[in-house]
Amino acid sequence: MQSPAPAKPWLTPLDGGLYALVLALWSTSWIAIHYQLGVVDPVVSVLWRFMTGAAVMWIWVWVRGDRLRFPLADHLRFLALGLCLFSTNFVLFYEAGLHIASGLMSVIFSIASVINGFLGFIVFRQRIEMRVLAGGLTGALGVGLMFWPEFSGGHMGASAAKGLLLCLLGTLCFCTGNLVATSIQRRGIGVHAANAYAMTYALPYLAAICLALGLPFKIDWSPIYLTSLLWTGLVATTISFVAYITLLNRIGAARAAYVTVLSPAVALLISTWLENYQWSWPAGLGLAAVMAGNVLVLRAPRRAKNAE
């Protein structure tokens, strides 16, 4: 009997490199969002961010000579990607940043790995294992511990509760965008062209929100705002999302979301330094629980024993 082909490594060197790149960029983007809050309305900042990102992506696509003609059905997918991954989720996260620390936002975002698993079951009928359920419960417990100061008083402050809800909705929107990106990649469409169209389609939507809310289209010309805007628009948007969607296409949505496991730890360290985030034993235990839950969900499954 012919022996089975050797199993593919859980993460190839390229996968590991993409993961490390996304981790570094996403961990620092949370604090960059913090520095964009205050003078400019969050929705307007998101508009500037993706206007910058879209311009860079179109230059990138033009230099690469990628295919740009697609049927209407694909453009609808690009629109959905833009609404989920390049606009709505960021508006929710930016608004949440007015109520809770950036490090805590990243911790809540780490639950994306758990949500991706459940959405994969709903949309693609992928089987949910018991370790996924256990990981989801562990992650939810961890988030509760992270917010223990608000819970311990018998009630959660309205501001913190709003921030928590906005982050959860933004994470759900992000995970929905993962499913859309997967469907686009399965059609053989290049990630650069897809992102360029998606970011472009997100712009009128963001502009319409600003007009509906009567928000002024202004820019904070302070060096710290401009630096954070350039970082999020030129680096954390273009490079990180190309890397992430490429990783998603290579190893799947649930496993690609493994990148959210370590980013909370890095972001919280940055938040401790720059935002004076105060650690407590429930917070430390909660962070450990969130990370453990994600690892439990996304760890490599045990290889089945070869039949003798």
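The values are calculated or read from the model by the stated rules, or taken from the named source; none is laboratory data. All of these numbers come straight from a predicted model, not from anything done at the bench. Ideal geometry is used to build each Cβ from the backbone, glycine not excepted, and the neighbour counts take in all protein chains shown.
Remarks
- Condition met for PHE78 (aromatic (Phe, Trp, Tyr), assigned to a loop (DSSP other than H, G, I, E, B), modelled with pLDDT of 85 or more and more than 18 Å from VAL235 (Cα to Cα)): no
- Any hit, the range 39-52, residues being modelled with pLDDT under 80, assigned to a helix (DSSP H, G or I) and out of contact with any strand residue (DSSP E or B) (no Cβ under 6 Å at 6 or more places or on another chain): no
- The one condition from (1) assigned to a helix (DSSP H, G or I); (2) at pLDDT 90 or above; (3) not hydrophobic (A, V, I, L, M, F, W, C) that SER113 does not meet is (2).
- In the range 64-96, residue nearest to ILE31 (Cα to Cα) [restricted to those that are surrounded by fewer than 19 Cβ atoms within 10 Å (Cβ to Cβ) and charged (D, E, K, R)]: ARG64
- If you go through the range 39-55 and keep only what is surrounded by fewer than 19 Cβ atoms within 10 Å (Cβ to Cβ), hydrophobic (A, V, I, L, M, F, W, C) and touching a residue at least 12 places away in the same chain (Cβ under 8 Å), you end up with VAL39, MET51.
- Qualifying residue in the range 4-21 (condition: crowded, with 23+ Cβ neighbours inside 10 Å and at pLDDT 85 or above): yes
- Selection within the range 280-308 - modelled with pLDDT of 75 or more and outside any helix (DSSP H, G or I): SER280
- Exactly one residue among ALA160, ALA212, ALA207 is part of a helix (DSSP H, G or I), surrounded by fewer than 20 Cβ atoms within 10 Å (Cβ to Cβ) and either free of Cβ contacts under 8 Å to residues at least 24 places away in the same chain or in contact with a strand residue (DSSP E or B) (Cβ under 6 Å, 6 or more places away or on another chain) (or both), and that residue is ALA212.
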